[in-house]
Amino acid sequence: MSYKQRHDGRKPDELRKIEAKVGVIKNADGSAFFKIGNTEAYAAVYGPRDLFPKFLQSPARGILRCNYNMMPFSGSGERVRPGQNRRAKEISMVTEKALMPLLDLDEYPRSVVDVFIELPQTEAGSRCAGICAAAMALADAGLTMKDMVSAVSVGRVDDAIIVDLDYFEEAYEDGPVADIPIAVMNRSKELTLLQMDGQIPKEMLIKAIEMGKAACDKIYAVQKKALQEKYFDEGA
Amino acid sequence: MEQIKLYLLNALNKGRRLDGRNTLDYRDPVKVEYGVTKTAEGSAKVTIGDTVVIAGVKLEIGKPYPDTPNQGSIMVGAELVPLASPEFEQGPPSIDAVELARVVDRGIRESKAIDFEALCIEKGEKAWVVIIDLVPLNDDGNLFDASALAAMAAVKNTRFPAVTEDGIDYKSKTDEGLKLNECPISVTVHKVGEYFIVDPTREEARICDARLTIAIMESGELCALQKGGEKPLSQGDVSRMIDIAIDKASMLRGVLENGN
């Protein structure tokens with residue numbers, strides 16, 4: 001049996017509903033909210049600020065530190081125990097790598113740029129939502145941005161190539177599944193995040209990435225609009 | 001004395017706060033939103049001025065404690081995530097987080113707000129555990145009152161998930177809520193110099209001498225207390241602070257009941 005019709009009626013390249021807002025956390029230097037389907041992410045940027053303990057400082061360049069955290073009630077099953085598990089650690093690390101190419105860290109010697117991502121509710125695609133929110137928060141913090149990044153998961157469910165998999169599709173059992181979160185820089189179109197769970201032939205992977213790039217263009221438009229709403233429409 | 005404290009005392013002498021509020025005013029808005037996260041069995045977001053707290057309830061099935069075989073239980077956690085304030089740090093719960101969670105827990109537990117016996121499924125074997133987690137999104141002071149309000153709102157918003165032979169089916173919620181007998185409201189009154197204030201901003205809280213968190217039941221009776229801060233309180237102070245708290249609790253109770 002093949003996966004001809006997506007279970008929620010979306011077209012193969014259709015994203016779930018997206019919402020984005022910038023400047024949602026008053027204490028932060030920059031912040032954003034990004035929602036895709038039932039997955040919600042808040043991101044806050046603090047910094048560049050002094051980095052302690054001092055031995056972590058680099059005299060040549062600043063450090064980017066990311067932390068991805070699911071709120072205890074944000075999983076679809078049992079409570080998520082607070083504290084960083086291995087999954088959260090890995091996601092924090094790949095998030096860092098996904099965002100690093102956006103910044104010129106040489107500008108901030110001895111300092112740290114902290115990015116905190118918190119998820120109040122999740123339903124697949126949470127690392128990508130976190131990256132989308134974080135990228136907007138970095139821009140909102142007024143940091144020099146070399147580019148912008150957007151992220152989405154792409155993949156295959158049986159013989160279909162689709163974007164923005166949800167739980168049902170990730171857990172599809174009647175055929176092979178591949179879940180591939182990617183992050184794409186808007187201008188250079190280079191990938192800053194690429195992971196995969198599952199099985200896929202090379203040709204299908206390349207097609208999936210192509211589809212993901214187009215989807216990221218749509219996400220970028222939403223991110224850009226949210227930033228513009230804060231900086232150009234305010235008080236208008 | 002710190003300059004900012006002098007300013008505050010000076011203003012209080014004229015019956016005002018640094019932000020123009022009267023001494024016993026809460027900030028605007030005081031707002032409760034119910035059902036803010038779908039993955040929780042119950043949730044709420046409370047906004048007091050620039051302070052924002054999300055509370056979420058997860059329900060699990062556990063074995064009752066041996067000394068209360070016919071009762072379920074509650075657990076309250078607070079995570080002062082670094083997203084919410086430049087002063088919060090990554091890592092295991094700080095003493096502030098522990099105190100916050102315990103004070104909120106005490107208000108709910110001691111008022112017997114949640115009927116623990118109604119949580120029992122099978123005596124000595126199975127009972128519901130109500131886990132309330134508090135996560136501030138932005139800390140601009142008065143996390144105690146905001147968190148206690150959010151916790152009660154989330155509890156009221158809670159609906160049991162369906163239970164099948166395989167266990168809890170978190171994806172399908174029933175219409176059944178928790179059996180509630182009370183609704184405690186917490187008000188924290190702060191003392192600075194000779195003055196009493198409520199709902200301090202982060203800046204104000206930092207320069208206050210002492211605080212008293214008072215949890216108040218529908219009848220006006222008290223169900224939990226927690227004194228904080230470095231300076232002592234006289235009996236007269238305590239009496240005055242309780243009067244203030246009872247008055248303010250009715251306002252917060254109204255917000256809780258009229259939230260959406």
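Before moving on, here are some points about what is shown:
- 14 Å cut-off, amide nitrogen to a point 7 angstrom out along A:Glu210 Cα→Cβ, residues in region A:1-45: A:13
- Taken as Cα centroids, region B:67-115 and region A:192-212 sit 43 Å apart, rounded to the nearest whole angstrom.
- In this simple spin-label model, placing a label point 7 Å from the Cα along the Cα-to-Cβ direction at both A:Lys54 and B:Arg159 gives a separation of 5.8 nm.
- Straight-line cross-link partners of A:Lys189 among the lysines, defined as a Cα under 18 Å from its Cα and at least 8 positions apart when in the same chain: A:Lys97, A:Lys146, A:Lys207, A:Lys213, A:Lys218, A:Lys224.
- Gyration tensor verdict on the protein assembly as shown (Cα atoms; rounded if a/c is under 1.5, prolate if a/b is larger than b/c, oblate otherwise): oblate
- Cα centroid of region A:43-60 to Cα centroid of region A:89-125, whole Å: 13 Å
- Label-point separation, A:Asp8 to B:Asp25 (7 Å along Cα→Cβ), nm: 4.4 nm
- Kyte-Doolittle mean at least -1.0, axial Cα span of 30 Å or more - DSSP H helices of chain B: B:235-258
- Spatially close Lys pairs in region B:68-220, defined by Cα atoms under 18 Å apart and a spacing of eight or more places or different chains, total 6.
- One chain, two ends: B:Glu257 and B:Arg102. Fully extended at 0.36 nm per residue, the span grows by 53.4 nm beyond their Cα-Cα distance.
- Length gained on full extension, A:Arg86 to A:Lys202: 38.9 nm, using 0.36 nm per residue less the C-alpha separation.
Since every read-out is calculated from the coordinates, none of them should be taken as a lab result. This structure is a prediction, so every number in the text was calculated from the model and none was measured. Cβ: placed from backbone, ideal geometry, glycine included. Neighbour counts: every protein chain shown.
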